[in-house]
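S.K.: Below is one structure. I have some questions about it.
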Amino acid sequence: MLLIAASLGTWVYLNYYSIPTYEISASLIIKDENKGVNDAKITESIDAFTSNKIVENEIKVLYSRTLFKEVVKKLKLYAPVFEEGEFKTTSAYITSPVQIEVKHPEALKETAKVYFKYNKARKQVIIHNEKYAIEKWVQTPYGILRFSRNTRKAGLANHPLYFSLIKPNKVVEPLYENIKIEAENKLSTVINFTLYDQIPVRGEDILNTLIYTYNSIAINERNKLAANTLEFVEDRIKLVEEELKDLENKVVKYKSSEGVVNLSEQSRLYLESVEGRDLKISDIDLQLAVLDKVENYVVLKDKARGLVPSTLGLNDAVLTQLLQKLYNAEIEYQKLRNTTAENNPMLLMLAEEIQNIRPGILENIKNQRDALQARRTKLASTNRHYQAELKFIPKQEKELTEISRQQAIKNNAYSFLLQKREETVLSYAPSAKDSRVVDMAEASSLPAKPRQLYFYLIAVTLSFASGISFITCKELLNRKLLFRSEIEANINAPIVAELSLMKRRKVKSFVEPAEASILEQFRKLRVTMGLYGHHNKKIIMITSSIPGEGKSFVCSNLAYILATSGQKVVLVDFDLRNPNASVLFDMYKQDGITEFLLSKSAPEAIVKETGFPNLRIVPAGIAIGDYTDFMLNGKFKTLLDYLEKDFDYIIIDTPPVDLVTDAFLISKHCDVTLLVMRHDYTPKNLVQDLAQNHVLQSLKNVAIVFNGVKSRGFVKGQYGYGYGYGNASVYDDKTYHARRVKARA
């Protein structure tokens, strides 16, 4: 029964109360410089701003609450819609006809339940008899809302709908705890996402939106860097263009005013020799200008916010790497600063790393500036040497050559800047992503929770454990006799039979037992006692310790079994207060032992037919009651002598030994005393008292019959034959009379 109840309860819980949860998974690959994942060379040549990342840091970024808050806002998870069922409330993410959007989510007023209806024909949402149009911002008691068509709708709502308004931060917390983001393994750059959600579509939307938002932020950061560089290049191009225009105007003006047409051979040779050095000086000036901007950026970084300047024209790879490392560290610092506390160890580590990088950059800038200035000084000195030689060149040719030289330098610089501008523009191309989606979010086909088999196993285990615990506790706390070993531990007498519990019959009269098991048990009792032809145990007294243990049942059935074997048997009902044996054989209130003891009837007159072959009965008599004193006048011995002549066995049913003394007076005339004890009925302390008070020693040849043995673990209804026992141990015939009156009625 416990197993059936537990299984039924589990089925009801799984089908009516529990909400299945599905597992949603996705995967993303990150470009990590430490684990061998990199772009192709052609991609690197196009995008000068592509940077490798560390998987562990990107996992931290993916776990940022800022990122999760963006997901909540995009999917409008702060305004969930529910179906209120009879047994459970479920999400209406795919059954609600509309979804709710708050104009200012950060300032929304939290609301637990807002019931609404949707009029499909008029495209209106009805809340407390107020009608609101969809796809428009409307003023409601709950703030400025917009009801829009649910694009995820895949079914019809079968129960009343309501929506709740929750602060985005409160929605982020359970989402943050429910999602799991981890690397495939230590050597892999693949990041796996796992989320458990009751609505598979909603779980897929959450993971896909999270990945999309993460990629969008990364692309935006890279584009900001490219935009800053492009702005710097554009400014330099404009400046060089103005300078070229001025130089061109000077050439035209000079040639017009001075009449210069061709340069001399000497001027040409001078121009060719000096042109290279002037170009180098111009390149050095450009590099010094870039170094000044970089130095200002590093020095003023703590005071003013800005993006890293371009390092175009600088050939020092170390400085470029240091700047990139500083920029990446600052980006990671800003990301973690928005998502973690100020005393976070990783945040402090990044701040310390930034402070350690800056001195190295400033030292590198100083060294490069010194080297460049030294080169410039040397080149300028060489040019001055050539300028001294120009004294021999005509003045007009010299001036024109100087202007042409400057014009060539500016042309080269202009071409260089145009090339860098094109490279910067190409960096906006989406071909160089820092991450790539391996698998989009996909939900499991079967629920991951609850696991039905797991719940049924728990139910089976608990039912068995409860049953065993109940039986064990019941047996430990039970004060009744339960085991044969409890008899053997207290009473030094053989147990000649264990009789199983027989179902109570509706008939009040004795009926020959039809169950084969009962017949075999009494036959075994007959064999165990040696009652099969040798009449050395002719007189058998059957008694019990208290009423209700089944001694009359044992008397009648033992007498019947002996009679069926061809032996002549007489059953003597000497329980003069409660003559249950007489009732069983329909001999109640007929002449019997009491009349013989009172000398009102002869022995042959009180021996009655029972209707069963070879079986007679001596009823208790008409005037039942207490006749103990009459047993001492010797008439009982006379009755036994008379019965011994005509019968092979005499079965005597006596009162309980713990309540009256009749059994002790009869026992000395008997050959065997059978003491009946009943399973789960006879008190344990009574068994102990029988041994301690030496009661059994007063009985002759005592043997135990363990009656009514039940199957363990099943509680049956108790029944008796009219005796009551308790603290007062009362023994009378009130119960018997009540039963007799009821039978007559």
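S.K.: Answer yes or no as to whether ALA374 is at pLDDT 80 or above, in a helix (DSSP H, G or I), exposed (fewer than 13 other Cβ atoms within 10 Å of the Cβ) and assigned by TED's automatic domain parsing to the domain that holds GLU241.
M.R.: On the way: at pLDDT 80 or above: yes; in a helix (DSSP H, G or I): yes; exposed (fewer than 13 other Cβ atoms within 10 Å of the Cβ): yes; assigned by TED's automatic domain parsing to the domain that holds GLU241: yes.
Against the criterion (at pLDDT 80 or above, in a helix (DSSP H, G or I), exposed (fewer than 13 other Cβ atoms within 10 Å of the Cβ) and assigned by TED's automatic domain parsing to the domain that holds GLU241), ALA374 qualifies.
S.K.: In segment 299-326, which residue that is modelled with pLDDT of 75 or more and surrounded by fewer than 20 Cβ atoms within 10 Å (Cβ to Cβ) is nearest to ASN364 (Cα to Cα)? Break it down stepwise before answering.
M.R.: From segment 299-326, those modelled with pLDDT of 75 or more are 299, 318-326; that's our starting set.
Filter again for surrounded by fewer than 20 Cβ atoms within 10 Å (Cβ to Cβ), leaving 299, 318, 320-321, 324-325.
Values: VAL299: 13, VAL318: 8, THR320: 10, GLN321: 11, GLN324: 14, LYS325: 14 Å.
In this case the residue turns out to be VAL318.
This table checks each residue for (1) assigned to a loop (DSSP other than H, G, I, E, B); (2) of a type in the set (A, V, I, L, M); (3) in contact with a His (Cβ under 6 Å, 6 or more places away or on another chain); (4) closer than 16 Å to SER164 by Cβ.
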residue	(1), (2), (3), (4)
TYR115	no, no, no, yes
ARG122	yes, no, no, no
ILE126	no, yes, no, no
VAL138	no, yes, no, no
ILE144	no, yes, no, no
SER148	no, no, no, no
ARG152	yes, no, no, no
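S.K.: Could I ask something else about it? If we scan segment 504-521, do we find a residue that is at pLDDT 80 or above, closer than 30 Å to HIS694 by Cα and hydrophobic (A, V, I, L, M, F, W, C)?
M.R.: Scanning segment 504-521 turns up no residue that is at pLDDT 80 or above, closer than 30 Å to HIS694 by Cα and hydrophobic (A, V, I, L, M, F, W, C).
S.K.: Of all the helices (runs of 4 or more DSSP H) wholly in segment 612-711, which have at least 2 residues that are in contact with an Asp or Glu (Cβ under 7 Å, 6 or more places away or on another chain) and either in contact (Cβ under 8 Å) with a residue 24 or more places away in the chain or within 30 Å of LEU501 (Cβ to Cβ) (or both)?
M.R.: Details: elements: 635-646, 662-667, 684-692.
Filter on segment 612-711 gives 684-692.
S.K.: Also, I was wondering about something else. Between a residue in segment 54-69 that is on the phi < 0 side of the Ramachandran plot and any residue that is acidic (Asp, Glu), which pairs come within a Cβ distance under 8 Å, given they are 6 or more apart or on different chains?
M.R.: Close Cβ pairs satisfying both conditions: ILE54/ASP32; ILE54/GLU33; VAL55/ASP32; ASN57/GLU332; ILE59/GLU182; VAL61/GLU332.
S.K.: Answer with yes or no whether ALA514 is of a type outside the set (D, E, K, R) and touching a residue at least 12 places away in the same chain (Cβ under 8 Å).
M.R.: Working: of a type outside the set (D, E, K, R): yes; touching a residue at least 12 places away in the same chain (Cβ under 8 Å): no.
No: the conditions fail for ALA514.
S.K.: Taking segment 167-208 as the search range and keeping residues that are assigned to a strand (DSSP E or B) and of a type in the set (S, T, N, Q), which one is farthest from ALA154 (Cα to Cα)? Explain how you work it out, then say what you get.
M.R.: So the first thing to find is which residues in segment 167-208 are assigned to a strand (DSSP E or B), and the list is 179-183, 190-197.
Right, trim to of a type in the set (S, T, N, Q) and you get 192, 194.
Values: ASN192: 28, THR194: 24 Å.
Within segment 167-208, the match that is farthest from ALA154 (Cα to Cα) is ASN192.
The values are calculated or read from the model by the stated rules, or taken from the named source; none is laboratory data. The structure presented is a predicted model; accordingly, all values stated were derived computationally and were not measured. Note that each Cβ is placed from the backbone with ideal geometry, even for glycine, and that neighbours are counted across all protein chains shown.
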